[in-house]
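Data first, discussion second: the structure below is written as structure tokens.
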Amino acid sequence: MTSNRPAKENQLIRFCAAEPCASTAPELRLEQSASAAVEKSALSMNSENLMEKIADQANMETAWQNVRANRGAPGPDGVTLDEFPEIFRPQWPKIRRQLLEGTYQPGPARRKSIPKPDGSARNLGIPNVIDRLIQQAILQVLTPIFDPGFSESSFGFRPGRSAHGAAKQVQAHIRAGFRECVDMDLSKFFDRVQHDVLMVRVSRRVSDKRLLALIGRYLRAGVMVDTELQPSIEGTMQGGPLSPLLANILLDDFDKELESRGLRFVRYADDFLVFTQTKEAAGRVFASIERYLTRKLKLVVNQQKSRICSTDGVEFLGFAFQGYGGQFRVARKNIDKFKSRVREITDRNRGVSYAQRCVELRRYFQGWVGYYRLVPIKSFYSDLDKWVRRRIRMCIWKRWKNGRTRVANLRKLGVNEHEAYTHGMSSKGPWVLSSSQPVHQALSTALLEEQGLPSLLAIWTKLTAKSRTA
């Protein structure tokens with residue numbers, strides 16, 4: 001039986017089937033590319049018909065494609081992405097009317113807390129699918145209006161920019177001789193954005209009062225914590241499509257202030273470094289930008305995590321930068337996170353097969369190496385591979401459980417009788433024995449790879465070869 005699931009997933013919602021969309025130009029076809037739809041949304045700064053562009057059929061359909069591609073869990077109403085089209089189609093004419101009349105009321109978001117390494121939690125807000133869709137439609141119209149004016153030193157959540165671009169610019173500043181920096185941490189930035197300060201900056205380029213009111217309602221929509229609705233009197237909750245753009249709009253004033261002073265900096269969302277050539281200059285910069293952030297933007301600087309430091313060893317976006325050349329390395333805490341995740345995947349109590357663990361490891365390795373591929377050291381990936389193989393050997397050793405089983409399996413895998421017996425009956429721990437010669441002989445690298453164990457070095461070699469030929 002042939003499944004129709006792919007066709008269903010790729011089908012565009014005919015939003016305007018029940019009601020004509022007056023703002024849709026005749027030449028706009030449903031099959032136009034996402035980029036073309038976004039480009040059409042670009043308007044002059046003084047335009048007052050942005051809400052018509054947001055509710056435009058082509059823009060909404062592009063927004064749905066993006067929301068669907070980003071997946072995500074249901075909001076407080078429990079409606080999933082698969083259920084949404086059937087529920088939404090009959091409601092769209094009414095919702096569109098409310099958007100154009102300026103009366104649409106967003107629902108609250110669902111609170112989800114993610115633990116952080118320091119013991120605190122990052123609070124996310126998961127909006128209902130309908131509000132993710134509308135926020136995405138707003139984002140597609142506002143991005144071409146705001147993004148071209150953002151700083152060249154801003155990299156977070158912007159089209160055509162990435163964390164790799166930010167890391168490379170950090171390296172360029174270090175190589176240019178700027179070897180002191182201000183590493184400042186904004187305390188719970190997304191939770192403490194002042195709505196009035198933010199909306200003043202949004203209104204500089206948005207004159208559609210309906211849209212300004214709608215963004216304000218999203219900021220104040222509140223959050224469901226279990227069954228309790230908590231008001232949101234400040235902050236722009238992480239989790240919705242619009243939040244990163246609003247953060248960049250607020251912090252663009254900060255970028256422009258640094259540029260006006262001739263300072264070199266790199267910013268990715270609320271993470272930033274400001275570079276100077278001397279420690280004394282870094283001290284003056286620290287004091288002045290702290291005043292600007294707290295007085296002008298009403299933000300809170302985390303004094304415990306903010307510092308003046310040498311660029312040798314400074315960490316940014318998971319990378320550590322070493323020496324006068326700012327050589328790329330992986331920050332120690334991120335190596336620890338890597339090992340912790342590998343331990344989770346290979347935990348013998350999970351009840352999954354070795355083959356399934358290898359599939360999960362490959363998926364994780366590809367994403368991890370894809371991000372850290374800027375680190376140009378083969379031995380770094382090779383050493384991590386050795387640690388992973390030792391971990392796998394230890395897990396297999398534990399799975400063999402008792403001495404007799406271990407002796408028998410070592411013998412089957414080619415270890416001589418004496419070594420099989422002395423190691424199989426050893427009282428030493430699994431981690432110690434996993435590095436022994438007989439266990440290496442039995443569970444060789446070739447055997448583990450033949451059974452599906454991925455290699456970080458192989459993935460990195462393949463990725464770097466592609467980047468050189470691209």
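Using a 1.4 angstrom probe on heavy atoms only, work out the carbon and sulfur share of the accessible area of the chain in %. Before the final figure, lay out each step's value.
Numbers: 11690 of 23500 Å².
Its accessible area is 50 percent carbon and sulfur atoms.
Rounded to the nearest 0.05, what FRET efficiency do Lys398 and Gln366 have when you use their Cβ-Cβ distance and R0 = 30 Å? Before the final figure, lay out the partial values.
Details: r = 27 Å, r/R0 = 0.89.
After rounding to 0.05, the efficiency reads 0.65.
If packing is taken as the average count of other Cβ atoms within 10 Å, what order do 233-244, 142-153 fall into, highest mean first?
Highest to lowest by the protection proxy: 233-244, 142-153.
Ignoring aspartates and glutamates fewer than eight residues from Lys168 along the same chain, the ones with Cα atoms less than 16 angstrom from its Cα are Glu152, Asp271, Asp312, Glu315. Ordering Gln91, Pro159, Ala213 by Cα displacement along the dipole of the chain toward the positive end leaves Pro159 in first place; charges were set at the Cβ atoms of Lys, Arg (+1) and Asp, Glu (-1).
Considering only Gly323, Asn302, Ala355, the residue lying farthest towards the positive end of the dipole of region 295-359 is Asn302, judged by Cα position with unit charges set on Cβ.
Which value does Rg/Rh take for region 388-433 over its C-alpha atoms, Rh per Kirkwood? Walk me through the intermediate numbers first.
Details: Rg = 9.8 Å, Rh = 10.5 Å.
Looking at region 388-433, the ratio lands at 0.94.
In degrees, nearest 10, range 0 to 90: what is the angle between the Cα axis of helix 354-372 and the longest Cα principal axis of the chain? Rounded to the nearest ten degrees, it is 60. With no solvent and one point per C-alpha, what does the Debye sum give as log10 I(q)/I(0) for region 316-455 at q = 0.13, 0.18, 0.21 Å⁻¹? Each listed q maps to, in turn, -0.64, -1.03, -1.26. Computed from Cα atoms, the angle from the helix 243-260 axis to the main principal axis of the chain rounds to 80 degrees. For the cross-link pairs Lys337/Lys412; Lys112/Lys337; Lys378/Lys466; Lys337/Lys466; Lys333/Lys386; Lys116/Lys296, the ones whose C-alpha atoms lie over 25 Å apart are Lys337/Lys412; Lys337/Lys466; Lys116/Lys296. Identify all lysines with a Cα-Cα distance to Lys94 below 24 Å; exclude those on the same chain that are fewer than 8 residues away in sequence. Partners found: Lys53, Lys209. Most simply put, region 139-286 has about 85% antiparallel DSSP beta bridges, counting only bridges with both residues inside it. The value of relative contact order for region 300-429, using C-alpha pairs under 8 Å at least six residues apart, is 15 percent.
The value of relative contact order for region 261-351, using C-alpha pairs under 8 Å at least six residues apart, is 12 percent.
In units of the rule-of-thumb radius 2.2 N^0.38 Å, region 199-242 shows an alpha carbon radius of gyration of 1.31.
Each residue of region 265-274 is assigned a 3J(HN,Hα), and the resulting list reads 7, 9, 10, 10, 6, 9, 9, 8, 10, 10 Hz, derived from the Karplus form 6.51 cos²θ - 1.76 cosθ + 1.60 (θ = phi - 60°), x at Gly and Pro.
Please express the shape of the chain as an equivalent ellipsoid: the semi-axes are the square roots of 5 times the eigenvalues of the C-alpha gyration tensor, given largest first in whole angstrom.
On the way: eigenvalues 438, 204, 84 Å².
In descending order the semi-axes read 47, 32, 20 Å.
Alpha-carbon geometry of region 247-335: the Rg and the Dmax are 13.7, 38 Å, given in that order.
Dividing the mean sequence gap of close Cα pairs (under 8 Å, 6+ apart) by how many residues the chain holds gives a relative contact order of 14 percent. Of interest is the spacing of the C-alpha centroids, which for region 113-153 and region 316-385 amounts to 27 Å. Which angle from 0 to 90°, rounded to the nearest 10, does the C-alpha axis of helix 92-101 make with the longest principal axis of the chain? Tilt relative to the chain: about 60 degrees.
With every protein chain present, what is the per residue accessible area of the chain (1.4 Å probe, Å²)?
Details: 23500 Å² over 470 residues.
Result: 50 Å² of accessible area for each residue.
Once backbone amide H atoms are built at 1.01 Å from N, Phe272 has Met184 as its partners under 5 Å, excluding neighbours fewer than 5 places away on the same chain. For the pair region 236-283 / region 212-235, the C-alpha centres are spaced 26 Å from each other.
Name the shape class, rounded, prolate or oblate, that the alpha-carbon gyration tensor gives for region 159-302, where a ≥ b ≥ c are the square roots of its eigenvalues, rounded holds for a/c under 1.5, and otherwise prolate holds if a/b is larger than b/c and oblate otherwise. Prolate shape, in that a/c is at least 1.5 and a/b is the bigger ratio.
About the centre of its Cα atoms, region 327-390 shows a dipole size close to 100 debye [charges on the beta carbon of Lys, Arg (+1) and Asp, Glu (-1) only; nearest 20 debye].
The values are calculated or read from the model by the stated rules, or taken from the named source; none is laboratory data. This structure is a prediction, so every number in the text was calculated from the model and none was measured. Glycine also receives a Cβ, built like all others from the backbone with ideal geometry; neighbour counts cover every protein chain displayed. These area figures cover heavy atoms from the full protein model, side chains too; ligands, DNA and RNA do not enter into them. Shrake-Rupley method; radii C 1.70, N 1.55, O 1.52, S 1.80 Å.
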